[in-house]
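Okay, structure first, notes after.
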Amino acid sequence: MKPKVVLNLLGLIIIFCFCAGITRALIFIIKNQYVQHKMYMLIALALQESLNNWSAIALAASLALLLLFFLLRLVPRLLPQLYTSRFLQNTKTRVICTVLFCTGAFLYGGWAINHYFLPDRFHPVSLTADAVFFLFIVITGYALLGYNLRGLRLTAIAAACFVVLLNIFIVVNAQVQKPAGPNILFIVVDSLRPKSLGYNGYPKNTSPFIDQLSRQGILFKNAYSNAPWTKPSVASMFTSQYPSIHGVTAFRSSLPSGCLTLAEILRNNGYDTAFFNENNFQLFEFFNFAQGFNQYSSHLSTEELTGSFLSYLTEHQDKRFFAYLHYMTPHQPYKKNKYTEQFVKKDPVFFDNMTYEMLRQSEHNTLVEIKRLISDEKLRDDHRHYLQSRYDSEVRLADENIQKIVSALEDQKILKETVIILTADHGEEFWEHGNYEHGHSLYNELLHVPLMLVGEQFTPTEIADQVQLIDIFPTVLELAKVQCDGLVQQGRGLFEVIEGRGQPRDVFAGYTLYGNEKYCLIHDNIKLIFDTGKMKKSTKVFNTFFKSSEEESFAFYDIEKDPYEKNKISTAETEKKKFSMLKKRLKTFKDNTDQSQKQEVLIDDSLKKKLSTLGYVE
């Protein structure tokens, strides 16, 4: 192999990997609509990540080519007869071998590119990619035959220089572009309900540190989730869009790439973004919830999540960060922990002489079995008390871990530079309306959530106005001093509420996980729940425990006088106008927001098995 051929091939490798890196980055940028949203730093970061990955591939391929070149240089000494063979020296032979090699590379490479990376064969994108790949193969043939391709080599040098300069720009920009806002620590405690917290009058000692935080910051007494289960609720927090807009409303739903997330905006403005997920599979990267985070950790225990974040703090002391922590404690199945014995005095037998802990260790699905006991009216009061006590012990464990995090912020002298947002994605029912757990209704035990802002700049106060989780997004942008013109936000900043600016806004929630599909509207502490009578199809296992009337129905409550929704308001003549007005507002709200950009994923066998053990799929 002649040196000229080697230089040609090295140039081709660099150009091919550069083009591949640019293509992958452009697909990602277009898919995430970064140009439309003017996320220019994210565009640069996407290019950097893709080009650096392909540069590593180019380096490995170049080293392999150079090794092959030096090995071939040994052929004349080791196999002189083969090297001087007329057959190998014949120009026609070299041309035929080159044509055969290029044909094979085009057929296999073209098939692989179309099969793994592109739409169907006759899609315009696929046809364009095939044409470009064909041109690349032709140039490869000329390079192998030793033609002088000086322009190719110069192009390769230019591509390499572009990658180097891009990396230099991003490093320098990171030093220059310092976020104007504070660190933002966003803690979500899955299934945490205000009714089980000390500051809300709960008699058990479940939350001594959270109670302390509630007195140090701004506490929103009437905060509501926009959905009664994790996936649509967190998607609404990340996008400031109602579930009917972002479309994450079913079990297979994935967060649409085109939805601009809070993490993406903050990362575009210089924040280091990190997501710590205890082990909520609904928020795995698989469902695109890592979008915008440059660090994502999952499959953690409660203590491991805390430890991972503390390690992150140590490594990022000099950077402004936006960290999202999602604790699964106290989500069902309420694992045994160091506080269990403090709250649980006796382990009752549920069935077949099995206690709850024995059920958890067996092949039985605890959630499904408890749902079955409820459906068969065999769940006793001691069972109910036991399950709630297990829940309380997990609330206490979450409280302890939050205290460790705040103490670490103080020890590292960055607490004064940090704003803490503490909330829950939804609540938990303990038979207030005859059921258990979450995802099935829109009563307050599932929608009412704790929400507090804690930071050096806040005067401790309590806010009685109703707010919702979609309001967190614009609040964080205001804290970070970030402008995002043209962005569709359906939430309003919490500072508007704190400062008494603007008119009170309705709360809209819906999209159950199982049972009948339901929607609700809260207007001036009057709540209307609309039951469509249509069973949700995504979780058939739990639906067997629900009886659907298959008829539309409405429930009407005054949640100021009746916060636990025990007494429906009569729709007698005196209330007919208000009832009709709320029905009309709810319908208008749903019609105006029902523009979802649904994106679903295929669930593989391994994930399906995991979901089956939790009772979500058959």
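How would 583, 481, 576 line up by accessible area, probe 1.4 Å, largest first?
Values: 583 75, 481 140, 576 105 Å².
Output order, biggest surface exposure first: 481, 576, 583.
From the C-alpha gyration tensor of segment 273-378, pull out the three semi-axes of the equivalent ellipsoid (sqrt of 5λ each), sorted largest to smallest, in whole Å. Write out the running numbers ahead of the final one.
On the way: eigenvalues 260, 58, 18 Å².
That gives 36, 17, 9 Å for the three semi-axes.
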Legend entry - Entries of 231/568; 518/566; 518/578; 536/561 with Cα pairs more than 22 Å apart: 231/568; 536/561
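Which length gain, in nm to one decimal place, applies between residue 65 and residue 161 when the Cα-Cα distance is subtracted from 0.36 nm times their residue separation?
Working: separation 96, 0.36 × 96 = 34.56 nm, distance 2.11 nm.
Additional length available on full extension: 32.4 nm.
Tally up the carbon and sulfur contribution to the accessible surface of the chain as a whole percent, 1.4 Å probe, everything protein left in place.
Numbers: 16820 of 29780 Å².
Whole-percent figure for carbon plus sulfur exposure: 56.
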Inset, instruction - Could you check the simple spin-label distance between residue 49 and residue 485, using points 7 Å along Cα→Cβ, in nm with one decimal? - result: 2.7
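When only the heavy atoms of the protein chains count and the probe is 1.4 Å, how do 431, 111 rank by accessible area, highest first? Walk me through the numbers before you get to the answer.
Numbers: 431 40, 111 125 Å².
Correct descending sequence by accessible area is 111, 431.
With a cut-off of 8 Å between alpha carbons and a minimum separation of six or more residues, what is the relative contact order of segment 178-236 in percent? Mind showing how you got there, number by number?
Details: 23 pairs, mean separation 10.3, N = 59.
Relative contact order, segment 178-236: 18 percent.
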Legend entry - Calculated [θ] (222 nm, deg cm²/dmol) that DSSP helices of n ≥ 4 give over the chain, each run adding -39,500 (n - 2.57): -15000 deg cm²/dmol
Legend entry - Where segment 246-349 is the region considered: accessible area per residue in Å², 1.4 Å probe: 34
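For the pair residue 341 and residue 564, what calculated FRET efficiency results from E = 1/(1 + (r/R0)^6), where r is the Cβ-Cβ distance and R0 = 30 Å, to the nearest 0.05? Intermediate results must be reported in sequence, preceding the final value.
Numbers: r = 30 Å, r/R0 = 1.00.
Once rounded, the FRET efficiency stands at 0.50.
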Legend entry - Residue-wise HN-Hα coupling along segment 160-174, computed from phi with Karplus coefficients 6.51, -1.76, 1.60 (Hz; x: Gly, Pro): 5, 5, 4, 5, 5, 5, 4, 5, 5, 4, 5, 5, 5, 4, 5
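Rounded to the nearest whole Å², what accessible area per residue is found for segment 382-533 with the 1.4 Å probe? Mind dumping the intermediate values first?
Working: 4750 Å² over 152 residues.
Per-residue accessible area for segment 382-533 comes out at 31 Å².
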Legend entry - In nm, spacing of pseudo-spin labels at residue 204 and residue 116 (7 Å Cα→C-beta vector): 5.2
Legend entry - Electrostatic dipole magnitude of the chain [Cβ: Lys, Arg +1; Asp, Glu -1; Cα centre; debye, to 20]: 2660
Inset, instruction - Rounded to the nearest 0.05, what FRET efficiency do residue 580 and residue 503 give with R0 = 25 Å and r taken as the Cβ-Cβ distance? Could you check? - result: 0.70
Legend entry - Distance between segment 135-208 and segment 410-482 - C-alpha centres, whole angstrom: 28
Inset, instruction - List the pair-distance distribution P(r) of the chain, using every Cα-Cα distance, as the percent of pairs falling in each 10 Å bin from 0 up to the bin containing the longest distance, rounded to whole percents. - result: 3, 14, 22, 21, 15, 10, 7, 4, 2, 0, 0
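Stretch residue 91-residue 385 to full length: gain in nm at 0.36 nm per residue minus the Cα-Cα span?
On the way: separation 294, 0.36 × 294 = 105.84 nm, distance 8.83 nm.
Contour length minus Cα-Cα distance gives 97.0 nm.
Sorted by packing (mean other beta-carbon atoms within 10 Å per residue), highest first, where do 288-295, 27-34, 466-473 land?
Descending mean neighbour count gives 466-473, 288-295, 27-34.
Which of the three applies to segment 359-482, rounded, prolate or oblate, going by the alpha-carbon gyration tensor with a ≥ b ≥ c and a/c under 1.5 meaning rounded?
Working: a/c = 2.98, a/b = 1.90, b/c = 1.56.
It is prolate, given that a/c is not under 1.5 and a/b is the larger ratio.
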Legend entry - Spatially proximal aspartates and glutamates relative to residue 576 (Cα-Cα < 20 Å; intrachain offsets below 8 disregarded): 506, 524, 531, 552, 558, 560, 562, 565
Legend entry - Rounded to whole Hz, the Karplus (6.51, -1.76, 1.60) HN-Hα couplings of segment 352-358, x for glycine and proline: 6, 6, 10, 7, 4, 5, 5
Legend entry - Built amide H within the under 5 Å cut-off of residue 275, gap 5+: 295, 296, 297, 324
Inset, instruction - Under 29 Å Cα to Cα from residue 413, which lysines show up? Leave out anything in the same chain fewer than 8 places away. - result: 178, 319, 404, 481
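Charges only on Cβ, +1 for Lys and Arg, -1 for Asp and Glu: so what's the dipole of segment 256-318 about the Cα centre, in debye to the nearest 20? Walk me through the numbers on the way to the answer.
Values: 1 positive and 8 negative charges, 46 e Å.
Its charge dipole is roughly 220 debye.
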Legend entry - FRET efficiency estimate (nearest 0.05) - Cβ-Cβ, residue 100 to residue 362, R0 60 angstrom: 0.45
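Out of all DSSP beta bridges with both ends in the chain, state the antiparallel percent to the nearest 5. Present the calculation step by step, with values, prior to reporting the outcome.
Working: 30 of 57 bridges.
If I count the DSSP bridges inside the chain, around 55 percent turn out antiparallel.
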Inset, instruction - Enumerate the amide H contacts of residue 516 below 5 Å, restricted to partners 5 or more residues apart or on another chain; note that Pro and chain-start residues carry no placed amide H. - result: 536
Inset, instruction - Could you please state, rounded to a whole Å, how far the C-alpha centre of segment 1-60 is from the C-alpha centre of segment 251-269? - result: 23
Legend entry - Cα-based reach from residue 336 at 14 Å (exclusive), listing aspartates and glutamates while leaving out same-chain residues under 8 positions away: 303, 347, 357, 392, 394
Legend entry - Pairwise label distance in nanometres, residue 301 with residue 177, each label 7 Å out on the Cα-Cβ vector: 4.0
Legend entry - Dipole axis of the chain (+1 Lys, Arg; -1 Asp, Glu on Cβ), positive-most option in 200, 556, 412: 412
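The values are calculated or read from the model by the stated rules, or taken from the named source; none is laboratory data. Predicted, not measured: the structure shown is a model, and the values here were computed from it. Neighbour counts run over all protein chains shown; Cβ positions are idealised from the backbone, glycine included. Surface areas here come from the heavy atoms of the whole protein model, side chains and all, with no ligands, DNA or RNA. Shrake-Rupley method; radii C 1.70, N 1.55, O 1.52, S 1.80 Å.
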